[in-house]
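Reading through the structure tokens given below for one structure.
Bear in mind these aren't lab numbers, they're just calculated from the coordinates by the rules spelled out. Since we're looking at a predicted model, the values are computed, not measured. So basically every Cβ, Gly included, is an ideal-geometry build from the backbone, and we count neighbours across all protein chains shown.
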Amino acid sequence: MMKINKINEMSSPELENELSELKNELFKLRFSLATNGLDNPMKIKEVKKNIARIKTVLRQRELANKN
């Protein structure tokens, strides 16, 4: 799980890249779950939370830049 401090330290392009990687990982996890099952289904929940954290930080930065 990614810590919010680590996310805040990353630049916006790095966050966009990480978001893309996490979405890809989530797709693979869901595909694996549908085909043959996962040994750790909680991994999907963890990846979704990390995606939400990154999106939140990106949105906060977007709003901060508008003002």
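Results, tabulated for the structure shown:
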| quantity | calculated |
| --- | --- |
| Residue in the range 33-55 that is aliphatic (A, V, I, L, M) and touching an Asp or Glu at 6+ places or on another chain (Cβ under 8 Å) present | yes |
| Near pairs, Cβ below 6 angstrom, 6+ apart or cross-chain, from the range 38-54 (touching a residue at least 24 places away in the same chain (Cβ under 8 Å)) to any residue that is not in a helix (DSSP H, G or I) | GLU46/MET1; ASN50/MET2 |
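For every residue, the table says whether it meets (1) within 9 Å of the chain's Cα centre (by Cα); (2) of a type in the set (Gly, Ala, Ser); (3) over 13 Å from MET1 (Cβ atoms); (4) loosely packed, with under 15 Cβ neighbours inside 10 Å.
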| site | (1), (2), (3), (4) |
| --- | --- |
| GLU21 | yes, no, yes, yes |
| LYS28 | no, no, yes, yes |
| THR35 | no, no, yes, yes |
| LYS45 | no, no, no, yes |
| LYS48 | yes, no, no, yes |
| ILE54 | yes, no, no, no |
| VAL57 | no, no, yes, no |
| GLN60 | no, no, yes, yes |
| LEU63 | no, no, yes, yes |
